[in-house]
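One structure is given below, encoded as structure tokens.
What follows draws every value from the coordinates through simple rules; no lab data is involved. These numbers were taken from a predicted model, which means no experiment stands behind them. With ideal geometry, Cβ positions are generated from the backbone for all residues, glycine too; neighbour counts draw on all protein chains shown.
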Amino acid sequence: MNVFSTLWGSVTRGTLNGAVSVALTLTALSVQAADDATIKRGEYLARAADCVACHLDENGGKPYAGGRGFKLPFGMLYSPNITPDNETGIGTWSDDDFVNAMQKGVGKDGKHYYPAFPYTSYTLMSRDDILAIKAYLFSLPPVKQPNKENDISFPFNQRWGMMFWNFLFNPNERFQPDPSQSAEWNRGAYLVEGAGHCGECHTPRNLFQARDSSRNLGGAVIQGWKAYNISGDKATGIGAWPDEALASYLSTGHAEGYGVAAGPMAEAVNHSLRHLTPEDIRAMVVYLKSVPAQTYGLARPEPKMLSPEPPAKGNNPLGQKTFADACVSCHLWDGTGRQSTFAALKGLRTVNDPEATNLVQVLLGGGKLENPHGDHFMPGFARAYSDQELAAVTNFVLDHFGHAKGMITAEEIAKRRNPE
Amino acid sequence: MLTLTINGADHQVDVPDDMPLLWVLRDVLGMTGTKYGCGIAQCGACTVHLDGMAVRSCVLPVSNIAQGQKIVTIEAVGQSDLGKKVQNAWLEHEVVQCGYCQSGQIMSAVALLDKKPQPNDEDIDAGMSGNICRCCTYTRIRGAIKSVSQA
């Protein structure tokens, strides 16, 4: 009996010990799993917030190591290293340091950021989401790369001045779901206004370089590109776009007859939007369609019914000839695109803009959209064609595909080749 | 596994979705008549037919080709009456100099003449736009196309 009880006891203890150690292992595993899940979520949110767009030097830099230059009205600003390197990155930052940076625009050293860093949008993000992004950034290999010195003129180099600006223009408030709207709408609002920081480009800025909330998402000019009106207005915004078209534009950079992303928007699609889930894209569509209409800026042209034949010789023979030589091979005379609707020109705001802002940018620099089924690419024509030829072909495109009378001159092209 | 209908025969290919048709033709199927020029749809050397339309195979991901769409390459273009006529005209006019771009030139010319049997100079400019020739055989190309249309 004794023997049995002793044996029984030892078996029980053994089992208990085993159970405890199994439980401990499980706990450790689940902590690990929770970390992995947080890191995964952080990676997704870092994509949604498009951190890499700025924190990457496009001339061969490493992701998140910063060093990209931004030309502002008051000088040059360089994005910092946000890899977890202790000396040159944010390796020594605490959770609070990181949250303060994202929500208040204040760095670990108490230094105020300039609002080129979109903390006035990120401020809507929850602490939880922000810390997931931090967990992701800290899971990456540290990159030792000292930050470049900014070159900002007085008085704007006095960062403490931002305290007053923040008092006026950074609400420092988290996103509050609107209970009268659907969960989908609220998710869309969080992504568009918070993480996605669409308004940083698409909302015009006031005298103090703060977003003019009375014109939310009503379109603006930034870095020499028109960030079009994406409010709910039917003519000048995206109000008339079918939901599928808007979803396609966000997830692929392209919606036939409505828009093709280029320039900074192509970057946003390539780095960020194309990685979002279909559910999140739908949520953004639902929210964007509900944004109060701002009647401002360019209207999308009614797609013209054009012949696949070359048009009769008009009053712009050089433009027509240049289009025939350089453009028609991909875009075709009727603007339907030879083998990809990514090359379709019908119905785009860009071919209906008498200032030809984005059109000239694309002609000069080309464009590229990354896609799981292969990249879509347009070469730049800056080096192969003269100012006169580019002006002529710009005016031809505006006249042929849009309803705008193009009056772009060779001098204007020269200016845009070398912006101030 | 994708099924591509090339020159009348079905080919099963196991390739990534984003592989351009040109790579499949040349490297996977060994059909090297179609040439690689610029890789960005700017030179026309890689032109093939997709349902009769001239397309640049270097920027056409295979996954964008629907099952059953007919691909014709330079290897088989001479099997049609028109293709044979164009190839003969090319020989009669001694169009070819170095020859590198000529597969693409012939494919574009056949697509043009198929849609427009009697093209004028402007139609030829438009139809052949995007096929460039470093040897500048353009006048002979124009002559060859016209001889087919007038035959």
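Our coupling estimate for the stretch A:272-280, obtained by passing each phi through the Karplus curve with A = 6.51, B = -1.76, C = 1.60 and θ = phi - 60°, is 10, 4, 5, 8, 7, 6, x, 5, 5 Hz, Gly and Pro reported as x. Sequence-ordered 3J(HN,Hα) estimates for the stretch A:88-97 from the Karplus curve with 6.51, -1.76 and 1.60 and θ = phi - 60° stand at 9, x, 10, x, 9, 6, 7, 4, 5, 4 Hz, glycine and proline given as x.
Loop-located chymotrypsin sites (Phe, Trp or Tyr not before Pro) across the stretch A:139-247 with a Cβ neighbour count of 13 or fewer within 10 Å are A:Phe208, with loop assigned by DSSP. Can you classify the protein assembly as shown as rounded, prolate or oblate using the Cα gyration tensor, where a ≥ b ≥ c are the square roots of its eigenvalues, rounded means a/c under 1.5, and otherwise it's prolate if a/b beats b/c and oblate if not? Oblate shape, in that a/c is at least 1.5 and b/c is the bigger or equal ratio. FRET efficiency for the pair A:Asn86 and A:Asn157, taken as 1/(1 + (r/R0)^6) with r the Cβ-Cβ distance and R0 = 25 Å, rounds to 0.40. Think of the stretch B:77-150 as a dipole: +1 on every Lys or Arg Cβ, -1 on every Asp or Glu Cβ, centred on the Cα centre; then among B:Gln118, B:Gln105, B:Gln79, B:Gln79 lies furthest on the positive end. Each label was represented as a point 7 Å from its Cα along the Cα-to-Cβ direction; for A:Met407 and A:Asn147 these points are 4.6 nm apart.
Lysine pair count for the stretch A:69-169 with Cα-Cα distance under 16 Å and sequence separation of 8 or more or different chains is 4. Peptide packing: for A:303-309, B:59-65, B:26-32, the average count of neighbouring Cβ atoms within 10 Å per residue gives the ranking B:59-65, B:26-32, A:303-309, highest mean first. Take the Cα coordinates of the stretch B:2-72, assign each an equal point scatterer, and use the Debye formula without solvent to give log10 I(q)/I(0) at q = 0.18, 0.28 Å⁻¹. Log-scaled intensity ratios, in q order: -0.59, -1.55. A Cβ-based charge dipole, computed about the Cα centre of chain A with Lys and Arg at +1 and Asp and Glu at -1, lands at about 140 debye. The mean sequence distance of close C-alpha pairs (under 8 Å, at least 6 residues apart), as a share of the length of chain A, puts its relative contact order at 12 percent. Model label points for A:Ile222 and A:Gln388, set 7 angstrom from Cα along the Cα-to-Cβ axis, are 3.9 nm apart. Under a model in which nothing but the beta-carbon of Lys, Arg (+1) and Asp, Glu (-1) is charged, the stretch B:1-129 shows a dipole of about 100 debye around its Cα centre. Look at the Cα gyration tensor of the stretch A:69-169: its axes a ≥ b ≥ c give a/c of at least 1.5 with a/b at or below b/c, and that counts as oblate. With each label modelled as a point 7 angstrom along the Cα→C-beta vector, the A:Met305-B:Glu92 pair spans 4.0 nm. Please list, by residue number, everything in the stretch A:286-303 whose backbone N is under 16 Å from a paramagnetic label point 7 Å out along Cα→Cβ of A:Asp243. Answer for this model: A:286-291. Checking every one of the GluC sites (Glu not before Pro) in the stretch B:62-114 against DSSP loop status and a limit of 14 other Cβ atoms within 10 Å picks out B:Glu94.
The value obtained for the stretch A:199-340, namely the Cα convex hull volume divided by the number of residues, is 147 Å³ per residue. Computed from the C-alpha gyration tensor, the three semi-axes of the ellipsoid equivalent to the stretch A:317-417 are 21, 15, 13 Å, from longest to shortest.
The 3J(HN,Hα) values that the Karplus relation (6.51, -1.76, 1.60; θ = phi - 60°) gives for the stretch A:222-231 are, in residue order, 9, 6, x, 10, 8, 8, 5, 4, 10, 7 Hz. Gly and Pro appear as x. Helix A:243-252 and the long axis of chain A differ in direction by around 80°, with both axes built from C-alpha atoms.
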